[in-house]
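The values are calculated or read from the model by the stated rules, or taken from the named source; none is laboratory data. In this text, all values refer to a predicted model and were calculated from it rather than measured experimentally. Methodologically, a virtual Cβ is constructed for each residue, glycine included, from the backbone with ideal geometry; neighbour enumeration extends over all protein chains shown. Side chains included, ligands, DNA and RNA excluded: accessible areas come from the protein's heavy atoms. Shrake-Rupley method; radii C 1.70, N 1.55, O 1.52, S 1.80 Å.
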Amino acid sequence: MERKVVIAGNWKMNKDAAAGRELVESLKPLVAGFTDADVVVCPPFTTLSAVVAAAAGSNIKVGAQNVHWAESGAFTGEISAEMLVSSGVEYVIIGHSERRQYFGETDATVNSRLKAALKAGLKPIVCVGETLAEREGNKTNEVIGRQLRDGLAGLTAADMANVIIAYEPVWAIGTGKTATPAIAEETHKFIRETVGALFGAATASALRIQYGGSMKPENARELVAQADIDGGLIGGAALKADSFAKLISEALGR
Ligand code: 13P
């Protein structure tokens, strides 16, 4: 099964509108040749419009970092899927470990956000991953199995065609400690098997699974060369145009 590589930059809480526009303007010529990958940038909410405008007409797609499950209403501080779509956003990250750790995100809220995103036509990037304590306690598959079962509950195989899973081992995020390609591949394979058991073999074989956690130009090639690794969700290395473009080029084996 040929799966198109998908590389997304998660800018987290970095870059105001001017800095976001500048990064995208620098990135455009550097990634214009990477038509064999989906290239996505995910800025903070207040930077989205500037980035959508800067990316217009290029092969750079725009994603948000979170979405609320209601269409509208009394949810102070929240943003709906419809609002994202009407701002020109195509992708959305859901259930990032930082949201699970600091903002009370659970598998149930991930599931609600995911359903709202799909209903509005967004392409969700659903994050899963274990902490260091869970890995050391041999709980990795148990944790990720639960995150997938509960996070994807109620979805159909047709829904899953629009979903990307990001495997981000919490112990590798922002720490400089990348999972070795073999360790990452083992868990990616488990994710694909679990999705296969839930939604069938065809859905599993078409599913794109990104790796995230200290992915950089130096390790992207070997990671994405693994059988079940189809791209990356990038934090730090996505904040500069040259490193992000180099990382994509490495991931594509150029
Ligand atoms: P780093 O690439 O900075 O480790 O962050 C990974 C991440 O959390 C992307 O969502």
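Restricting the stretch 223-239 to residues that are in a loop (DSSP other than H, G, I, E, B) and either within 12 Å of the ligand (Cβ to nearest atom) or touching a Pro at 6+ places or on another chain (Cβ under 8 Å) (or both), which is farthest from residue 22 (Cα to Cα)?
Applying the first criterion (in a loop (DSSP other than H, G, I, E, B)) to the stretch 223-239 yields 225-230, 235, 239.
From what's left, either within 12 Å of the ligand (Cβ to nearest atom) or touching a Pro at 6+ places or on another chain (Cβ under 8 Å) (or both): 225-226, 229, 235, 239.
Values: 225: 31, 226: 33, 229: 30, 235: 18, 239: 11 Å.
Filtering the stretch 223-239 for residues that are in a loop (DSSP other than H, G, I, E, B) and either within 12 Å of the ligand (Cβ to nearest atom) or touching a Pro at 6+ places or on another chain (Cβ under 8 Å) (or both), the one farthest from residue 22 (Cα to Cα) comes out as 226.
Take the stretch 90-127 and flag every residue that is more than 16 Å from the ligand (Cβ to nearest atom) and open to solvent by less than 10 Å² (accessible area, probe 1.4 Å).
Selection gives 114, 117, 122.
Quick one: how many residues across the stretch 151-169 are under 18 Å from the mean Cα position of the chain (by Cα) and open to solvent by 40 Å² or more (accessible area, probe 1.4 Å)?
Adding up the residues that qualify gives 3.
Just to be sure before I move on: is residue 137 more than 18 Å from the chain's Cα centre (by Cα) and over 17 Å from residue 6 (Cα atoms) in the structure I sent?
So residue 137 passes the test.
Is it the case, given these coordinates, that residue 247 is in contact (Cβ under 8 Å) with a residue 60 or more places away in the chain, in contact with a helix residue (DSSP H, G or I) (Cβ under 6 Å, 6 or more places away or on another chain) and within 16 Å of the ligand (Cβ to nearest atom)?
yes
Here's a check for you: in the stretch 240-254, which residue that is not charged (D, E, K, R) and not in a helix (DSSP H, G or I) is farthest from residue 32 (Cα to Cα)?
Residues of the stretch 240-254 not charged (D, E, K, R): 241, 243-245, 247-249, 251-253.
Then drop every residue that is not not in a helix (DSSP H, G or I), which leaves 252-253.
Values: 252: 14, 253: 16 Å.
Per the criteria, the residue is 253.
Out of the stretch 69-84, which residues are hydroxyl-bearing (Ser, Thr, Tyr) and either farther than 21 Å from residue 52 by Cα or open to solvent by 90 Å² or more (accessible area, probe 1.4 Å) (or both)?
Answer for the stretch 69-84, where residues must be hydroxyl-bearing (Ser, Thr, Tyr) and either farther than 21 Å from residue 52 by Cα or open to solvent by 90 Å² or more (accessible area, probe 1.4 Å) (or both): 72, 76.
Taking only pairs six or more apart or across chains, which ones have beta-carbon atoms under 8 Å, a first residue in the stretch 171-190 that is in contact (Cβ under 8 Å) with a residue 12 or more places away in the chain and away from the ligand (no atom under 13 Å from the Cβ), and a second residue that is of a type in the set (D, E, K, R) and in a loop (DSSP other than H, G, I, E, B)?
Qualifying pairs under 8 Å: 185/228; 188/228; 189/228.
Would you check if residue 151 is more than 14 Å from the ligand (Cβ to nearest atom) and either touching a residue at least 60 places away in the same chain (Cβ under 8 Å) or touching a Leu at 6+ places or on another chain (Cβ under 8 Å) (or both)?
Here the answer is yes, as residue 151 does meet what is asked.
Provide a single number: the residues in the stretch 177-205 that are over 22 Å from residue 138 (Cα atoms) and either loosely packed, with under 15 Cβ neighbours inside 10 Å or of a type in the set (Lys, Arg) (or both).
The number of residues fulfilling the criteria is 4.
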